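Structure, as structure tokens:
The values are calculated or read from the model by the stated rules, or taken from the named source; none is laboratory data. None of these values were measured; they are calculated from a predicted model. All Cβ positions, even for glycine, are placed from backbone atoms using ideal geometry, and neighbour counts span all protein chains on display. In case anyone asks, the SASA skips ligands and DNA or RNA and just uses the protein heavy atoms, side chains included. Shrake-Rupley method; radii C 1.70, N 1.55, O 1.52, S 1.80 Å.
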Amino acid sequence: MVVVMDINSTVEQIEEVNKRLDKMGFKTQLIRGVKRIVIGAVGDRQAIDSLNLEQMPGVERIVPIMKPYKLVSREAREESSVIKVRDINIGGGNVVVMTGPCAVESREQLLTAARCVKKAGGHILRGGAFKPRTSPYSFQGLEEKGLKLLKEASLETGLPTVTEVIDEQSLELSIDYVDILQIGARNMQNFRLLKAAGQTNKPILLKRGLSATIEEWLMSAEYIMSGGNEKVILCERGIRTFETYTRNTLDLSAVPLVKRLSHLPVIVDPSHATGDRQLVLPMSMAAIAAGADGLIVEMHPVPGKALCDGAQSLTPEGLEELMKKLDKIIPAVGCWMPPQKLGEVVNG
Ligand code: PEP
Ligand code: MN
């Protein structure tokens, strides 16, 4: 359930409600929105009536949440969550572009990619240091060396960074190097990892699993939020279907649907969804039109030489073309991009 507090309720009143819920074994979490303050409470539904919460000072109303995900649900928070990554807002009309190579391969490759991202007007630099690969013989990532390169690229360009973590160890290692931790499709139901992510205060980019239903995906987000980390960004990256001409099938209907069910921002990954560079631009535009709060797109300075996912990686010119198209599409759907500081590459 959600206890909606009066926007003018005092700290003491909130404390009192929390105490009463605590005593009855409810797990609580305070969510302070712009328009209202709510206390998310998960516990025995039968016990709600005996709590007499409606009578307590400062309480506006009680909203039972029938969905299995509580804190993630739109019922818990009416207004869309905006997640701040340095000076960039994600969600609530702010559309961001995260882009860069699938994997960090070398200093030269990453720094070149980062400069291309900056030049094109991308907002956040992506790059995998730990790669969950289908084959144990494929490139597994540079690990800590890759994280150091991400940090260096960020210092040079001023771009925040996102990297994938694949277990608790890589999460621990990555946390001080990057701005956003990505939990990939293959780990969407790695519950220990989700719990560990919930203990951090870093934004978490949670991708939808290859065969995950929307409810399972939202339940995974609930794991992170119930651990105390509210900064979850959801990412639709295509699901596995019978189709073989695309790598996955981009479930664009998930975007407006999840935005109705949840207050969390939803971004789209057209690269892994299609596996085909030529489909990235049209599907990016479609994602924005469907209401996505951003994109994560693979771009490699020389896709033909990429150690990972070259076929779906845009060229630097392809990224520039995409950014130009987005400049037109985003305002047309009533949204905006963070102010771009084009060409401000330090030491570039
Ligand atoms: C990636 O972002 O490089 C990646 C492995 O994505 P996904 O988990 O969506 O397959
Ligand atoms: Mn990839």
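Numbers below:
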| quantity | calculated |
| --- | --- |
| Long-range HN-HN contacts of Ile267 with modeled amide H, under 5 Å | Leu234, Cys235, Glu236, Asp293 |
| The chain - percent relative contact order, Cα under 8 Å, separation 6 or more | 18 |
| The chain - charge dipole about Cα centre, Lys and Arg +1 at Cβ, Asp and Glu -1, debye rounded to 20 | 260 |
| Dipole magnitude of region 2-63, debye to nearest 20 (Cβ charges: Lys/Arg +1, Asp/Glu -1, about Cα centre) | 240 |
| Ellipsoid equivalent to region 2-63 - semi-axes via the Cα gyration tensor, in Å | 18, 11, 10 |
| Cα lying deepest toward the dipole's positive end in the chain, options Ile90, Leu257, Tyr245, charges on Cβ | Tyr245 |
| Per-selection Rg to Rh, region 94-164 - Cα, Kirkwood hydrodynamic radius | 0.99 |
| Region 66-207: translational diffusion in µm²/s, Stokes-Einstein, Kirkwood Rh over Cα pairs, 37 °C, 0.692 mPa s | 206 |
| Gaussian network model of the chain, springs between alpha carbon atoms under 10 Å - residue of Asp269, Asp179, Asp167 with greatest fluctuation | Asp167 |
| Chain lengthening between Thr134 and Gln169 when straightened (0.36 nm per residue, less Cα-Cα) | 10.6 nm |
| Integer Hz, Karplus 6.51/-1.76/1.60 couplings in order for region 218-224, x for Gly and Pro | 5, 5, 5, 5, 4, 4, 5 |
| Burial ranking of peptide ranges 14-20, 96-102, 69-75 (average Cβ count within 10 Å, highest at the top) | 96-102, 69-75, 14-20 |
| Which of Leu125, Leu281 is most accessible, then next, and so on - probe 1.4 Å | Leu281, Leu125 |
| Within region 215-249, backbone nitrogen closer than 18 Å to the virtual label 7 Å beyond the Cα of Ala311 toward Cβ | 238-249 |
| Equivalent-ellipsoid semi-axes of the chain, from the Cα gyration tensor, Å, largest first | 37, 20, 19 |
| Per-pair calculated FRET efficiency, R0 = 41 Å: Glu54 and Glu321 via Cβ, rounded to 0.05 | 0.15 |
